[in-house]
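Undergrad: What follows is a single structure, and I will ask about it in a moment.
The values are calculated or read from the model by the stated rules, or taken from the named source; none is laboratory data. Since the model is a prediction, treat every value here as computed from it, not as a measurement. Quick reminder, even Gly has a Cβ in these numbers, built from the backbone with ideal geometry, and neighbours come from all protein chains shown. Quick note on the areas: whole protein, heavy atoms, side chains included, nothing else; ligands and nucleic acids left out. Shrake-Rupley method; radii C 1.70, N 1.55, O 1.52, S 1.80 Å.
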Amino acid sequence: MSDERSIIINALGGPRGLIDNGLPSILFLIVFNVKHDLKLAIWSAIGLSAIFTIARIARKGTLQHAITGFIGVLICAWFATRGGQAKDYYIPSFVKNTFYATAYAIGNFIGWPLIGVMFGPLFGENFEWRKYPARRRVYTLASWVWFGMFILRLAIMYPLYRMNAVNALGVASLVLGYPLFLFVVWWTWLIIRSVPIVQVQATPE
């Protein structure tokens, strides 16, 4: 069971990937609230993300999540600069959560829950899980949990954006970021482990 948990965490970037993706946004919020300087907050976030990326390169580590995080910060910074308001830093988050919520819902409705699509091959069961109702059911349930996370973020954060409540929006972003994400990862693991992994027999050559 611990192997399943490790596979899930590593597939989502691992502890280091979570840091690379999350800390720049936290720094943006802190700098903006302390200095009330949008440009300084933006450049602080970009700088920290760049440092993480360079550190990955120096250590010859996996660049996927560092580069993804860096690009994400640049996109958020562009929106904030373009709109001239700190709250616009979170516009990409609304787009991303809407996209993922839609994708997870569609996946479930057509019988291809995205959690199964992502983790089935990593668990060594490929897509054979679709032939086993119990295993297919847990992947579907786990996918609805992720759908719920994306919808919850939108339901709380978008009204704050409309009300120009920048500080509350930032706090909500933090609470609905790592804490909620880690809770959903843990919940996903509990759901998936409730049904044994499908054992795929090797095809004789």
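Undergrad: Any residue at all in region 176-197 that is part of a helix (DSSP H, G or I), touching a residue at least 40 places away in the same chain (Cβ under 8 Å), open to solvent by less than 30 Å² (accessible area, probe 1.4 Å) and more than 20 Å from residue 115 (Cβ to Cβ)?
TA: no
Undergrad: Among residues belonging to region 155-174 that are β-branched (Val, Ile, Thr) and in contact with a helix residue (DSSP H, G or I) (Cβ under 7 Å, 6 or more places away or on another chain), point out the one that is surrounded by the fewest Cβ atoms within 10 Å (Cβ to Cβ). Spell out how you get there, then give the answer.
TA: Going residue by residue through region 155-174, those that are β-branched (Val, Ile, Thr) are 156, 166, 171.
From what's left, in contact with a helix residue (DSSP H, G or I) (Cβ under 7 Å, 6 or more places away or on another chain): 156, 166.
Numbers: 156: 15, 166: 19.
Across region 155-174, the extreme among qualifying residues is 156.
Undergrad: Of all residues in region 109-154, which are under 17 Å from the mean Cα position of the chain (by Cα), open to solvent by 30 Å² or more (accessible area, probe 1.4 Å) and of a type in the set (Gly, Ala, Ser)?
TA: Once the filter is applied, which keeps residues that are under 17 Å from the mean Cα position of the chain (by Cα), open to solvent by 30 Å² or more (accessible area, probe 1.4 Å) and of a type in the set (Gly, Ala, Ser), region 109-154 yields only 148.
Undergrad: From the list 19, 26, which one is open to solvent by 50 Å² or more (accessible area, probe 1.4 Å), at pLDDT below 80 and β-branched (Val, Ile, Thr)? I'd like the intermediate steps shown before the answer.
TA: Details: 26 fails: open to solvent by 50 Å² or more (accessible area, probe 1.4 Å).
Just one listed residue meets the conditions, 19.
Undergrad: Spot the failing condition for residue 98; the list is (1) at pLDDT below 75; (2) within 29 Å of residue 147 (Cβ to Cβ); (3) open to solvent by 30 Å² or more (accessible area, probe 1.4 Å), and only one is missed.
TA: Evaluating residue 98 over (1) at pLDDT below 75; (2) within 29 Å of residue 147 (Cβ to Cβ); (3) open to solvent by 30 Å² or more (accessible area, probe 1.4 Å) leaves (1) as the failure.
Undergrad: Residue 105 versus (1) under 30 Å from residue 165 (Cα atoms); (2) in contact (Cβ under 8 Å) with a residue 12 or more places away in the chain; (3) surrounded by fewer than 15 Cβ atoms within 10 Å (Cβ to Cβ): which is the lone unmet condition?
TA: (3)
Undergrad: Just to be sure I understand the filter: pairs with C-beta atoms under 7 Å, separated by 6 or more residues or on different chains, first member in region 47-71 and aliphatic (A, V, I, L, M) and surrounded by 14 or more Cβ atoms within 10 Å (Cβ to Cβ), second member assigned to a helix (DSSP H, G or I) and at pLDDT 70 or above. Which pairs pass?
TA: Pairs found: 48/23; 48/24; 48/27; 50/70; 66/52; 66/53; 66/56; 67/53.
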